[in-house]
Amino acid sequence: MNSAAVEQITITPLALPGVLLLRPLTHRDSRGAFTETWRASTYRALGLPDFVQDNLVHSKACVLRGMHYQTRKPQGKLICVLQGAVQDIVADINPRSAHFGQHVSVQLDAQAGDQLYVPPGYAHGYYTQSNSAMVLYKCTDYYDPEGQGGCRWDDPLLALPWQLKGAPTVAPRDEKWPPLAAQ
């Protein structure tokens, strides 16, 4: 294991167990910038699992995606923003958890290059804060449409602190998720 590679990443544990904010080292010069966004051996040495699928999402301004989770094949996710900015929220929806109903909210933007690791079992969503955003996330398991789940992005039990600029654009599927109290 190349310990110098691990030293290239600053890790900040967040308030929910296993949720991490990662900042890979960016090298800047007169031409622009270079960042190594992922190296299997480095992330494995940090204790993160292997990833098997990448997803790329383009969103317009004021689009809110979430709150999503998987029931049959829970996915861990490593999220980064390639263009624009989003507010990303992770919520503990496990009623047996000591952290049930708690959440963390972080700003992710292409300029800073931060990454967010969301372990399996949490609900996750984000809101586009810029004119558009391109979000890339690596997943620890393959998407299973039969195991998709969700809860309301505006669930009163969670009281998520969305920084909305007017009414968000939400997919019909996301509007139909029940609140946690009804699940």
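The values are calculated or read from the model by the stated rules, or taken from the named source; none is laboratory data. On a predicted model such as this, the values are computed, not experimentally measured, just so you know. Every residue, glycine as well, gets a Cβ built from its backbone with ideal geometry; the counts of neighbours run over all protein chains shown.
Observations
- Residue tally, condition surrounded by 22 or more Cβ atoms within 10 Å (Cβ to Cβ) and more than 15 Å from residue 55 (Cβ to Cβ), over region 70-92: 3
- Counted residues, region 46-71 - those being under 14 Å from the mean Cα position of the chain (by Cα) and either under 19 Å from residue 107 (Cα atoms) or basic (Lys, Arg) (or both): 7
- Of the criteria (1) in contact (Cβ under 8 Å) with a residue 24 or more places away in the chain; (2) not in a strand (DSSP E or B), which one residue 116 fails: (2)
- Any hit, region 96-111, residues being buried (at least 16 other Cβ atoms within 10 Å of the Cβ), outside any strand (DSSP E or B), among the aromatic types (Phe, Trp, Tyr) and modelled with pLDDT of 95 or more: no
- Output for region 34-87, where each listed residue is in contact (Cβ under 8 Å) with a residue 12 or more places away in the chain, among the small types (Gly, Ala, Ser), over 24 Å from residue 173 (Cα atoms) and part of a loop (DSSP other than H, G, I, E, B): 84
- Restricting attention to region 121-151, the residues being surrounded by 21 or more Cβ atoms within 10 Å (Cβ to Cβ) and not in a strand (DSSP E or B) number 1.
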